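The values are calculated or read from the model by the stated rules, or taken from the named source; none is laboratory data. Because the structure is predicted, anything quoted here is derived from the model rather than measured. Note that each Cβ is placed from the backbone with ideal geometry, even for glycine, and that neighbours are counted across all protein chains shown.
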């Protein structure tokens, strides 16, 4: 879904039937000094407003389901949903209670109280709430919620029309049918409101008809309840919503004196009144006309009427008024409430000339609401949009298959040619000159404006410059009508405008404010030559007459949006065409917040004007065929429309037959539609089941139009027609071009009224096919009934390639190694034994991370450099594509642009950004751009932080960008040598490119069926992402002590290919380690190996190897190398992270780990410490037990121990711990001292005691020597 809709241009143009001429917009008068600041209104903030849908069906769907099982109480006698029925009210109460229960649970889920701003239960079971993006995501995952959908603003899509589409025949009574002008039908206009006191909506029409209020006299809807002066028997409801008024400016413009309308649904923009009067306005006559400059024209409109002039009207105001300095907008949440009100109000037909960007209709709240309005029995017409003539410009909800979508075409109103004649004066008498100009006649003197200093009439002449003369001006530089106004200001009585350039030599019947004629170059030059001769020049401008010229009708307005439909091209849009160019209708005159001064009647052009013609036609159809469902009525309009329509988008006057993408199934003919003998209906469940996101097929919908995209050789559809009258039908094929054949089975059939027939239509390419896009029709003919047709649009293809991921450059391939292969399925051709490939890339993609802050004023995204991240990139002549996308982002809404660096400064300017060649502006940060065949030059990739996480927060993101160039010889594509027609096959993409983990490469290839058609099947783009290795190694520890078990794990990646593969993995063990456990491995000496077969699409698997390190005798850095190969291919080697294996020292005392020494006391002995390995040793001697001994050198290798005299034999224990240079302490060595009591000295001397001690020491030394 997208945030913004491009504002559709509403055209108000001068008269003339050629659509190419009318491109101007209505220009408001000068501001009269009013400060725009004083008018600045606070826009309604919907940036955090979401629709939240609940699981249970809304009333419209539930009522339909109950009706299908025989429960009728929810429906009125005419088939409309009856909201007031007891069963309806009971169900609505259930939904209300369920929503309140859900509100409590969802509030707990979010940790705050949820406020439901609006609640819907008839067309949606939903509410609107204010949410952060994170909260929206959280609610979307809640089982109570079926959908969370952002509310986005939508825009408006802005005489002779009724009789041009055949409405006058219905008014007069068709064949034996009773005449109708829509009596008893209620039409709803969801728009900008309505000018309630406009003559188009009076209770008594100018033809004397007095409208009847179907609600009963004096009963009105909406604002008319408390303010009944707004309504009458014609206009029975004016409904408005206070949310709009909350955002009106606080002050009105000077001179505005109708404060009473502010608090109502009064039209203060003009669009709604124009639409309403086109649908169902009263007939009026002799109306003043104003030209594009706002000047009163000489001609008046002889008559004007809505298509269904006696239908009643209810207006629903969902759009903002005209406010100087501010764009208007329309709000879908109010539209949905208006739909619910329309059902409750008994509305039969709705016009909705409003739209936004195309989104998935099945996931759009307002589109789904319109589906349920159709289920409730309401006919809806909507405008296709004003973004043409470019392709794929149909907006939403116009892209929905359950709404009648209307393109804008011309009608036949025109003005006759006129003459400049009755010449007198000069040296000769010119012959009559023929030209154009929608004015009255005038006779007078003829003068050249050049003689008055301004031959081009570029500026207003001073008053009194002329005295009623006919002034000759030259065309160019400014508007034609402006030149007329300039000479009129100087007192001219008439104007002759002469063409002077071959580039602008067309003639236009403009609505001048004085008698005027436009001449071509040749006649203009003759006139100027005549003026240069003699004197007394005088001539007559004859009057033009209002005429009908069928040749001018049925030409597409260049603004009218075109198909193919988006996002699903399999649905044809528009459905039909209707007059939408230069439509004369009512207009509001009340502008409290704008200095515009539009007249009470105005010419407007747009699909907004064509849609109400169809809404009016649906009203007449409903009046005559009330039992037809909305789908059946739409099918009648579509199948009886005329296909004799044209385009002239380049304004060269050469008419080109329309395609179904321009006009749908043709321009409506209501007088034919009402007599349609065959109807097509679609059940509600069929619409729901067609959702492509849930595996549905839109082409299976029982629509009169049939579309097939990428049709390989042949495509078929099934349609079911139901007879509205008994007859026998035959079929005939109509082709707009050669190259294909169509068949229908059965080709003829007979039906009684109410019976149905299934038709199978098949389109098949033939040898004459020269264009992939073809279209034609199946004509259905029966005596006494209008010929109907089903339209087929087929895009034939030599084959098809896999559909790319819309958020990337194609399939994302995870490369587990620098060389590898990927099998890509999904190819099909019409047969080839010589497939052709052209390869592009692989090219490395740049990845850059940056931080930005959220933009507080998004009107100029580049006014603060902190809000944008800019990366320059150069495109060379061999560049095939330029791409960029956002890899990850903290901010909830980033936008992405690619623009030319016009000034080559590496920075982005507002002008450069405004002319971006690619813009990705979703309502999230999943942005992506691909520009094919960019022109060489310098470009800028720009990331704009549209909505940050918080004010002034630094939001990080990573952007990927790069180019696709000619083949870099780092990949190949392998395909079957021969494929049959329609055969599904795969290709292998093999790459050989040194890459680092995390690298992204970009590649593509085109496929063709023969050397002369090397790319007619299609092109596949792909991303190659360097993942980690095919085998991921991990070791349990980074450091171990000799003797520990060291464990290794090997994770073999999933097999993503469609074929099995065999891996052989081996490792050679170093000295000092041996296998403790190795499941599934073969161990042969110091070699360990695995042979693994992975099935196609097998998941990842784990291997393990456990090694005993007891044999390591010295500190060692242990690193294992694993070699592996796949399917016998080239071997690759992986190294594990090294493990530091440390070996502790072995402490010894006097050369032993444990030693026992007998010591006579008192005595002093020396103990020698040592270690088995290592140097830079540290020592620590400690007494463990026994009588206290004295130590000298406890941290030295040799320690002296003094044993005091003992009174009895005893034992002492001493330990030595040695710490090596690796920091590991040894196990302690222990010395046990057996201490003997000191002998008694009877002589009191000590000689004998000393001798005894020395003898003991000598004995101990001898013992030590022997033990060594």
Legend entry - From the options 805, 825, residue that is exposed (fewer than 15 other Cβ atoms within 10 Å of the Cβ), at pLDDT 85 or above and under 31 Å from the mean Cα position of the chain (by Cα): 825
Inset, instruction - Could you tell me which of the residues 854, 831 is more than 27 Å from residue 1023 (Cβ to Cβ) and part of a strand (DSSP E or B)? - result: 831
Inset, instruction - Kindly indicate whether residue 259 is out of contact with any helix residue (DSSP H, G or I) (no Cβ under 8 Å at 6 or more places or on another chain), at pLDDT below 95 and either assigned by TED's automatic domain parsing to the domain that holds residue 319 or closer than 22 Å to residue 379 by Cβ (or both). - result: yes
Legend entry - Looking only at segment 450-465, and only at residues there that are closer than 21 Å to residue 540 by Cα and touching a helix residue (DSSP H, G or I) at 6+ places or on another chain (Cβ under 7 Å), the one that is surrounded by the most Cβ atoms within 10 Å (Cβ to Cβ): 457
Inset, instruction - Answer yes or no as to whether residue 99 is surrounded by fewer than 21 Cβ atoms within 10 Å (Cβ to Cβ) and under 31 Å from the mean Cα position of the chain (by Cα). - result: no
Inset, instruction - Say whether the condition of being touching a helix residue (DSSP H, G or I) at 6+ places or on another chain (Cβ under 6 Å), under 30 Å from residue 556 (Cβ atoms) and assigned to a helix (DSSP H, G or I) is met by at least one residue in segment 372-391. - result: yes
Inset, instruction - Using the structure shown, decide if residue 727 is out of contact with any helix residue (DSSP H, G or I) (no Cβ under 8 Å at 6 or more places or on another chain), modelled with pLDDT of 95 or more and either loosely packed, with under 14 Cβ neighbours inside 10 Å or within 24 Å of residue 567 (Cβ to Cβ) (or both). - result: no
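Residue under question is residue 1073, and the condition is that it be farther than 29 Å from residue 819 by Cα, crowded, with 19+ Cβ neighbours inside 10 Å, at pLDDT 90 or above and not assigned by TED's automatic domain parsing to the domain that holds residue 1169; does it hold?
Considered against the rule, which asks whether it is farther than 29 Å from residue 819 by Cα, crowded, with 19+ Cβ neighbours inside 10 Å, at pLDDT 90 or above and not assigned by TED's automatic domain parsing to the domain that holds residue 1169, residue 1073 comes out as yes.
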Inset, instruction - Give 222, 188, 216 a once-over and let me know the one that is assigned by TED's automatic domain parsing to the domain that holds residue 341 and closer than 27 Å to residue 384 by Cβ. - result: 188
Inset, instruction - Using the structure shown, decide if residue 573 is modelled with pLDDT of 95 or more and not in a loop (DSSP other than H, G, I, E, B). - result: no
Inset, instruction - Output the number of the condition that residue 410 fails; it satisfies all remaining conditions of (1) at pLDDT 95 or above; (2) in contact with a helix residue (DSSP H, G or I) (Cβ under 9 Å, 6 or more places away or on another chain). - result: (1)
Inset, instruction - Mind listing just one residue for me: the one in segment 234-256 that is over 30 Å from the mean Cα position of the chain (by Cα) and not in a loop (DSSP other than H, G, I, E, B) and, of those, modelled with the lowest pLDDT? - result: 245
Inset, instruction - For segment 317-330, enumerate the residues that are crowded, with 24+ Cβ neighbours inside 10 Å and assigned to a strand (DSSP E or B). - result: 317, 319, 330
Legend entry - Tally, over segment 228-256, of residues that are in contact with a helix residue (DSSP H, G or I) (Cβ under 8 Å, 6 or more places away or on another chain) and either farther than 30 Å from residue 303 by Cα or surrounded by fewer than 14 Cβ atoms within 10 Å (Cβ to Cβ) (or both): 7
Inset, instruction - Would you mind finding the one in 314, 275, 307 that is in contact with a helix residue (DSSP H, G or I) (Cβ under 7 Å, 6 or more places away or on another chain), part of a helix (DSSP H, G or I) and modelled with pLDDT of 95 or more? - result: 275
Inset, instruction - State which residue is nearest to the chain's Cα centre (by Cα) when the search covers only segment 1021-1037 and only residues that are surrounded by fewer than 16 Cβ atoms within 10 Å (Cβ to Cβ) and in a loop (DSSP other than H, G, I, E, B). - result: 1028
Inset, instruction - Could you grab me the full set of residues in segment 971-996 that are over 20 Å from residue 1009 (Cβ atoms) and surrounded by 18 or more Cβ atoms within 10 Å (Cβ to Cβ)? - result: 971, 991, 993, 995
Inset, instruction - Among the numbered conditions (1) at pLDDT 90 or above; (2) surrounded by 12 or more Cβ atoms within 10 Å (Cβ to Cβ), tell me where residue 1102 comes up short. - result: (2)
Inset, instruction - Determine whether segment 1132-1151 contains at least one residue that is surrounded by fewer than 16 Cβ atoms within 10 Å (Cβ to Cβ), modelled with pLDDT under 95, more than 27 Å from residue 1236 (Cα to Cα) and over 60 Å from the mean Cα position of the chain (by Cα). - result: no
Legend entry - Positions within segment 507-543 being out of contact with any helix residue (DSSP H, G or I) (no Cβ under 8 Å at 6 or more places or on another chain), assigned to a loop (DSSP other than H, G, I, E, B) and closer than 29 Å to residue 301 by Cβ, in sequence order: 507, 509, 515, 520, 542, 543
Legend entry - Filter pass, residue 696 being closer than 28 Å to residue 825 by Cα, buried (at least 16 other Cβ atoms within 10 Å of the Cβ) and in contact with a helix residue (DSSP H, G or I) (Cβ under 7 Å, 6 or more places away or on another chain): yes
Legend entry - Positions within segment 701-719 being surrounded by fewer than 18 Cβ atoms within 10 Å (Cβ to Cβ) and either under 22 Å from residue 782 (Cα atoms) or in the same structural domain as residue 360 (by TED's automatic domain parsing) (or both), in sequence order: 718
Inset, instruction - Take the residues in segment 622-640 that are outside any helix (DSSP H, G or I) and over 32 Å from the mean Cα position of the chain (by Cα), then tell me which one is nearest to residue 173 (Cα to Cα). - result: 625
